[in-house]
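Sharing a structure below in structure tokens format, with a few things to ask.
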Amino acid sequence: MSLLVLAACSNNEPTATADGKSAARPAAIKEEAVNLRAEGLTLNSFLYYDSASSARRPAIVVVPEWWGLTDYAKMRARQLADLGYMAIALDMYGDGKVAANPQEAQALAMPFYTNPALFAGRIDAALTYLRSRTEADSSRLGAMGYCFGGSAVLHAARLGLPLKGVVSFHGDFPDTAWAKGAYNGQVLICHGAADSFVPMDKFELFKRRLDSAGVPHTDKVYADATHAFTNPAATETGQKFKMPIRYNGAADTASWNDMKAFWSSVLK
């Protein structure tokens, strides 16, 4: 089971456009609370975009770790808005539920792993909303996630959601084979070489599944990076809950840069 940590951090990205070029003016990032509906639940999500720009822009769904929608996923969505994308930090559990400990998190996450269609249903609700926004370019949609969220976006791709690309940061990998032709986008895997929850043999098996399905994928492995390596609070939280996770600044920076290059190519 994928684990992540409850935390917020502040990585200040330079203002840029969605093609990766520097912007000529400061971004005016707007946050909007957005209540989506899926399977009878209200998904209390947050949308981020540069309100000073009138251009239609690519849009990305950000799926949080298994704790629920915390400030960490919101921060990542805001960073994407700084880069020129529209981004929505998605409440997967509904009603803003956030787990206080690993036991609560596992109880909230387990229904998704036993019924992966739930992953796709929640992400599709976010995509439907993004397509309704005049600021978003509905032909350029992507999704990315952390741990549980990484699993979520991979399942959504496997089930055929119309995503140009998906990015998994230290996510678990679907055990189910991918049907050839079911997904027409691209995949970026950002994986820690020292991830004891998702070991390298599972990573290698997943790559073979993508190859068998003809899915283009870019695979990045970061030395000495454990599960949850992108989150600056991982070390403290790992100690608190006795989990083998810790922050790795070099891997965090490298994976963010790999993600920027991926989105610049896939959503150009």
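The values are calculated or read from the model by the stated rules, or taken from the named source; none is laboratory data. Every value quoted in this text rests on a predicted model; they were computed, and no experiment measured them. Note: ideal-geometry Cβ built from the backbone for every residue, glycine included; neighbour counts use all protein chains shown. These area figures cover heavy atoms from the full protein model, side chains too; ligands, DNA and RNA do not enter into them. Shrake-Rupley method; radii C 1.70, N 1.55, O 1.52, S 1.80 Å.
How far apart, in nm, are two points set 7 Å out from the Cα along the Cα-to-Cβ line at T128 and at H217?
2.9
On to the next question. Mind checking the per residue accessible area of the chain for me, 1.4 Å probe, whole number of Å²?
Details: 10470 Å² over 268 residues.
For the chain, the solvent-accessible area averages 39 Å² per residue.
Run the quick spin-label model on S54 and A100: label points 7 Å from Cα toward the beta carbon, then report their separation in nm to one decimal.
5.0
Next question, about the same structure. Treating the Cα atoms of the chain as identical point scatterers in vacuum, please give the log10 of the normalised Debye intensity I(q)/I(0) at q = 0.12 Å⁻¹, two decimals.
-0.64
How much length is gained if the chain between A107 and A179 is pulled fully straight, taking 0.36 nm per residue apart and subtracting their Cα-Cα distance, in nm to one decimal?
On the way: separation 72, 0.36 × 72 = 25.92 nm, distance 2.93 nm.
Here the segment from A107 to A179 would lengthen by 23.0 nm.
Let me ask you something else. Taking a cut-off of 12 Å between Cα atoms, list the aspartates and glutamates near K30, but don't count ones fewer than 8 places away on the same chain.
Partners found: D50, D82.
Oh, and also: How many angstrom separate the Cα center of the range 61-80 from the Cα center of the range 133-157?
Cα centroid to Cα centroid, the span is 12 Å.
How big is the dipole moment of the chain about its Cα centre under a simple scheme where the beta carbon of each Lys and Arg is +1, that of each Asp and Glu is -1, and everything else is neutral? Debye, nearest 20, please. All intermediate terms of the calculation are to be shown ahead of the outcome.
Details: 27 positive and 26 negative charges, 120 e Å.
Roughly 580 debye for the chain.
Cβ under 12 Å from A254's Cβ, A254 left aside: what net charge do those residues give with Lys, Arg +1 and Asp, Glu -1?
Numbers: positive: K220, K260; negative: D224, D252, D258.
It works out to a net charge of -1.
Further, regarding this structure: As I understand it, the dipole of the chain uses +1 on the Cβ of Lys and Arg and -1 on the Cβ of Asp and Glu, about the Cα centre. Which of H227, I123, A182 lies farthest toward its positive end?
Farthest along the dipole direction, towards plus: A182.
For the range 31-267, compute the number of Lys pairs whose alpha carbons are separated by less than 15 Å, excluding pairs fewer than 8 positions apart on the same chain. Can you show the working numbers first?
On the way: K74/K97; K164/K260; K180/K207; K202/K220; K207/K220; K220/K260.
Taking the range 31-267 as the scope, the lysine pair count is 6.
Out of all DSSP beta bridges in the chain, what portion is antiparallel? Express it as a percent rounded to 5.
On the way: 15 of 42 bridges.
Of the beta bridges lying entirely in the chain, close to 35 percent run antiparallel.
Can you list the residues of the range 107-135 with backbone N under 17 Å from a point 7 Å past the Cα of N35, pointing along Cα to Cβ?
Counting backbone N atoms under 17 Å from the label point, the list is 126, 129.
Given a Förster radius of 25 Å and the C-beta distance between K240 and D71 as r, what FRET efficiency does 1/(1 + (r/R0)^6) yield to the nearest 0.05?
Working: r = 17 Å, r/R0 = 0.69.
Taking R0 as 25 Å, the efficiency between K240 and D71 is 0.90.
How do E236, E65, E39 rank by accessible surface area computed with a 1.4 Å probe, from largest to smallest? Please report the intermediate quantities before stating the final value.
Values: E236 135, E65 0, E39 105 Å².
Result of the area sort, largest leading: E236, E39, E65.
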